[in-house]
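Step one of this worksheet: look at the structure below.
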Amino acid sequence: MEKVYGYVRVSTQKQGDGVSLIEQKSAIEDFAKKNNLTIIHWFEEKVTAAKEGRPAFNEMMALLTREKAEGACFHKIDRSSRNYGDWNRINILADAGINFYSVSDGINLSDESSRLPADILAAMSTHYIRNLRKEVLKGFYGRLKQGFYPLPAPIGYKDMGGGKTKEIDLVYGPLVRKTFELYCTGKYGIISLTEEMNKRGLRGRKGGKVTKTGIANILRNPFYIGMMKIKRTDEVFAGSHKPIVSKVLFNKTQQILDGRTHKRVIKHDFHFKRMLKCAHCKYSIIGERQKGHIYYRCHTKGCPTKTIRQEIIENVLRQFSADIALTGSQLDEIREIAQKSLEKGNDFRNKTITELKFKKTVLDDKLDKLTDAVIDGLIDRDIYLRKKEKIIFEQVELQSKIEQLNEKQEVEDHHVDKFLELLKTACIKENQLELADLSHMVNFATSNLFLNGKYIEIKTYSPFTEVLRNKKSTYCPPCRDRPRTAVANDTEDGTWVRYRIDIKKQKTPKGTIDLEEIAKSLIRSMATL
Ligand SMILES: [Zn+2]
């Protein structure tokens, strides 16, 4: 009796060709009986044969190489190998005298006349799987998988023909970005934004005016950040096209669309609209025009907070502006300190980017394996789709982290510039500062302004807080020779500066200022960008 191994393989338990593990085994056993063979050990495999490196197959081949058995039985050639590497190994052993039987093909490799038909069968099976993969990749989902969008380009992109990446339209692409930007200013609703974008020349896919729905669709479409979402299935793919808007801008847009962020509508007459709140009832103080003057008042019935004229608020904010002003050389020094510390951060950032890129390639491999698995029927389509979406999502996350890190440098430089520029504005212009610039600066520097009886209370952001803390005008203990313009209080809720509303313009006294502290707080404040 010839001692042989039995080798069985299925891709899944409920595989399409209906030949389960048990059926394969019994076919092999029948064959063994008839041909006087003894199966001394079974090797079972439940993975695809498309790629080399099946554990059970390898183990069996190693044992055969050492002549631990005289041969091996397969159910069918395509069970033994679907790649030329494995087939080659089988043939080498066959030449060395090991017997290979393919039960249902009726092939015995030690029989010379069987070698050619066996080669043909093996070639067919390799060809079959190669083709199947090609077919899968050629289809709708295959193109999506490769990053191509098999549907007409969304507004802002151009179709470049089948199987090619959509390119950004030089005219409409920037207009689409503008659509997002304008929407995020909070000055537009969908209707006014549609009007504005039509005025600016944005057109729909067929060349007509862009509609409200069109604008709403643009604002919701993740294609503009490099992803492709198929509406019907809600499936998400990573696109090969260039994004038009940043993920930050897109997310902000989604938040506003979802109503999670308060829209700020700015009317230019009322410069301090929505800036001041009533300390009593915490509602915004509303501006109104009376006899050519602008007044702000709390609209809560019976609230003791008195109406205040815009000029009075302006006066206080100008003083605040003078209080956070620094000289040109002080600003230069802060910039220098900040930049040195930012450079250190860059080294660390580059290391992180390399790590993230590596993680992305690992996910690429995972996706490949997953595709193989579905091609071989190892997993069913539902699981495949779910797993794939998860991987794609992770990849897009990684990519956006990489982009964010890349962007961060720019954002940080911009932040430093903006901070210094605002302080410069405060310093140089002082009295000629335009109201719009003044309110812009106050918005940037403060998180809260309260009207509280005779006082306006201002809560500042870092590093403006540190600037104020360093200015003797607000922080020195009361002393007779030097009047204070404001009083600062540290509370659990941050630092508040309190100005009397009938404040007389004061020159801020000069003292030593800890520029290092200001620069450090500037760096720290970037963590929240
Ligand atoms: Zn009130």
Env charge @ residue 306, Cβ radius under 13 Å, K,R +1 / D,E -1, value +2
Out of 341, 191, 126 - ranked by how far each Cα lies towards the positive end of the dipole of the chain, with unit charges on the beta-carbon of charged residues - the top one is 191
Going through 166/401; 145/229; 340/459; 360/387 one by one, the pairs whose alpha carbons sit over 18 Å apart turn out to be 166/401; 340/459
One would report the Cα pair-distance distribution of the chain, bin width 20 Å, in %, as 16, 32, 25, 16, 10, 1
HN-Hα couplings for the range 210-220 via Karplus (6.51, -1.76, 1.60; θ = phi - 60°), in whole Hz with x for Gly/Pro, come out as 7, 9, 4, 4, x, 5, 4, 5, 4, 5, 9
Excluding residues fewer than 8 positions from residue 3 in its own chain, the lysines with Cα under 30 Å of it are 25, 33, 34, 46, 51, 68, 76
Here, chymotrypsin sites (Phe, Trp or Tyr not before Pro) of the range 240-347 satisfying both criteria (DSSP loop; at most 13 other Cβ within 10 Å) are 283
Per the 1/(1 + (r/R0)^6) rule, R0 = 60 Å and r from the Cβ atoms of residue 67 and residue 230, FRET efficiency to 0.05 is 0.65
Answer in debye to the nearest 20: the dipole magnitude of the chain about its Cα centre, from +1 Lys/Arg and -1 Asp/Glu charges placed on Cβ, is 3260
Distance in nm between residue 38 and residue 348 label points, each 7 Å along Cα→Cβ, equals 6.9
Highest mean packing first, using Cβ neighbours within 10 angstrom, the peptides 59-67, 274-282 sort as 274-282, 59-67
Summing +1 per Lys or Arg and -1 per Asp or Glu among the other residues with Cβ less than 11 Å from residue 222's Cβ gives +3
Descending packing, highest mean Cβ count within 10 Å first, for 433-445, 490-502 is 433-445, 490-502
So, with points 7 Å from each Cα along the Cβ direction, the residue 440-residue 394 label distance in nm works out to 4.5
In degrees, nearest 10, the alpha-carbon axis of helix 435-445 is tilted away from the dominant principal axis of the alpha carbons of the chain by 50
Residue by residue through the range 283-289, the couplings from Karplus 6.51 cos²θ - 1.76 cosθ + 1.60 with θ = phi - 60°, in Hz, x for Gly and Pro, are 8, 5, 8, 9, x, 8, 9
Summed over the other residues with a beta carbon less than 14 angstrom from that of residue 360, with K and R at +1 and D and E at -1, the charge totals -3
For the chain, the longest principal axis of the Cα atoms and the Cα long axis of helix 55-65 enclose an angle in degrees, to the nearest 10, of 40
Taking the chain and counting helices only, DSSP H stretches of n ≥ 4 at -39,500 (n - 2.57) each over all residues, the nearest-500 ellipticity at 222 nm comes to -16500 deg cm²/dmol
D (µm²/s, integer) via Stokes-Einstein for the range 145-257, Kirkwood Rh across alpha-carbon pairs, 25 °C, 0.890 mPa s: value 172
Any residue on another chain or 5+ positions along whose placed amide H is under 5 Å from the amide H of residue 100 is listed here as 72, 109, 110
Taking Cα atoms, the helix 247-257 axis meets the longest principal axis of the chain at an angle in degrees (rounded to 10) of 70
So, with points 7 Å from each Cα along the Cβ direction, the residue 170-residue 386 label distance in nm works out to 4.9
Once amide hydrogens are built 1.01 Å from N within the peptide plane, the residues lying 5 or more places from residue 277 or on another chain with amide H under 5 Å from its amide H are 285, 449, 450, 451
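Give, rounded to the nearest 20 debye, the magnitude of the charge dipole that the range 328-426 has about its Cα centre when Lys and Arg contribute +1 at Cβ and Asp and Glu contribute -1 at Cβ. Numbers along the way, then the final one.
Values: 19 positive and 23 negative charges, 59 e Å.
So the magnitude is around 280 debye.
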The ³J(HN,Hα) series, computed from each phi in the range 376-387 with the Karplus coefficients 6.51, -1.76 and 1.60 at θ = phi - 60°, rounded to the nearest Hz and given as x for glycine or proline, is 8, x, 5, 10, 8, 5, 4, 4, 4, 4, 5, 5
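Throughout, read-outs are computed from the coordinates displayed, never taken from laboratory work. What you are looking at is a predicted structure, and each value in this text was computed from that prediction instead of being measured. Neighbour counts are summed over all protein chains in view; Cβ atoms, including those assigned to glycine, are modelled from backbone coordinates with ideal geometry.
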